[in-house]
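What follows is a short report on a single structure.
The values are calculated or read from the model by the stated rules, or taken from the named source; none is laboratory data. Note that the structure is a prediction, hence the values are computed from the model and not measured. Cβ: placed from backbone, ideal geometry, glycine included. Neighbour counts: every protein chain shown. Just the protein is used for accessible areas: all its heavy atoms, side chains included, with ligands, DNA and RNA removed. Shrake-Rupley method; radii C 1.70, N 1.55, O 1.52, S 1.80 Å.
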Amino acid sequence: MTPPEQAHQQREIYIMKYIWMLLTGLIVGLLAAWLYPGNQNINWLFAALLGIAGSYVGGMIGGMFTKEKDMFTPKPSGIIMSIIGTLVLIFVGLRLGLI
């Protein structure tokens, strides 16, 4: 494979990575908004951003229960911890009046 073809393939991988992150964040954000009691009035874009951020919050929460030294290093987590992290963000956002 020539260098231009490799560069094009790498760009496609990066684009798909961000599309996948946005779709996963949307699903997690919508699930968390549905699970959280009450009406949050969250649109789909905000739900996606909350889901992405919630994944990192969930990764930090999960890091507190491991033996890693860098437990607060931002890292994405699995679907369950992502939903829990997003629920935490919704809770904090509602308490601060941001949502």
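For this structure, a couple of remarks:
- Carbon and sulfur %, accessible surface of the chain computed with the full protein complex present, 1.4 Å: 72
- The angle separating the long axis of helix 79-96 from the principal Cα axis of greatest extent in the chain is about 50 degrees.
- In a reduced charge model with +1 at each Lys and Arg Cβ and -1 at each Asp and Glu Cβ, the chain shows a dipole moment near 220 debye about its Cα centre.
- Once the Cα gyration tensor of the chain is diagonalised, semi-axes √(5λ) in Å: 29, 19, 9
- In the chain, the DSSP-assigned H stretches of four residues or longer account for a calculated mean residue ellipticity at 222 nm of -25500 deg cm²/dmol, using -39500 (n - 2.57) per stretch and the full residue count as denominator.
- Rounded accessible area per residue of the stretch 1-86, 1.4 Å, Å²: 72
- Computed from Cα positions, the angle between helix 3-35 and the longest principal axis of the chain comes to roughly 10 degrees.
- In order through the stretch 42-54: 3J(HN,Hα) via Karplus (6.51 cos²θ - 1.76 cosθ + 1.60), integer Hz, x for Gly, Pro: 9, 7, 5, 5, 5, 5, 5, 5, 4, x, 5, 5, x
- In nm, spacing of pseudo-spin labels at M16 and I79 (7 Å Cα→C-beta vector): 2.0
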